[in-house]
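A short worksheet on the structure shown next.
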Amino acid sequence: MRHWAGLTVLLWAAACSSAPRGTATLTLNDPYWDKVNVQIVITKRADCDSREAGYIETKDLVMRKERSETIEVPPDATVCWRHDRNPNQPVAGVWSGWTRATLQPGGTAQTDL
């Protein structure tokens, strides 16, 4: 009986997962700056600036030194990110260039800003 209860819990947990099957995970780490503004774009487009068909979402966040953020990336999408051009003296809307990652479906990766 215990085996069936464990299987039921496992199936229930899988059914309640909010991420679509094949969702990849990227963990971004800030090893450099005490505080930095980061913009993350999830898209199926080749252009990270485009908000046309294939664009999924934008996340704006503030990262702290030695802290990580985990981003879920749907299948067939890529994740782009950029940060303040000068994190020590940030100017609103003045960004670094985009960094882009294409992840394998269901895969995980870690990287620094």
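Summary value for region 35-113: 32 percent relative contact order, contacts being C-alpha pairs under 8 angstrom separated by 6+ residues.
Straight distance only, please: which aspartates and glutamates reach the Cα of Lys35 with their own Cα at less than 17 Å, same-chain residues fewer than 8 apart left out? Here the aspartates and glutamates satisfying the reach criterion relative to Lys35 are Asp60, Glu66, Glu69, Asp84, Asp112. Solvent-accessible surface of region 67-113, averaged per residue with a 1.4 angstrom probe and all protein chains in place: 62 square angstrom. Computed about the Cα centre, the dipole magnitude for region 48-102 is approximately 280 debye when only Lys and Arg (+1) and Asp and Glu (-1) carry charge, each at its Cβ. Collect residues whose amide H, placed 1.01 Å from N in the peptide plane, falls under 5 Å from the amide H of Lys35; neighbours closer than 5 in sequence don't count. HN-HN under 5 Å from Lys35: Lys65. Out of the total accessible area of region 27-69 (probe 1.4 Å, heavy atoms of protein only), what percent is carbon and sulfur? Heavy-atom surface of region 27-69 belonging to carbon and sulfur, 1.4 Å probe: 39 percent.
The values are calculated or read from the model by the stated rules, or taken from the named source; none is laboratory data. The structure presented is a predicted model; accordingly, all values stated were derived computationally and were not measured. Cβ: placed from backbone, ideal geometry, glycine included. Neighbour counts: every protein chain shown. To get the accessible areas, we keep the full protein, side chains included, count just its heavy atoms, and leave off ligands, DNA and RNA. Shrake-Rupley method; radii C 1.70, N 1.55, O 1.52, S 1.80 Å.
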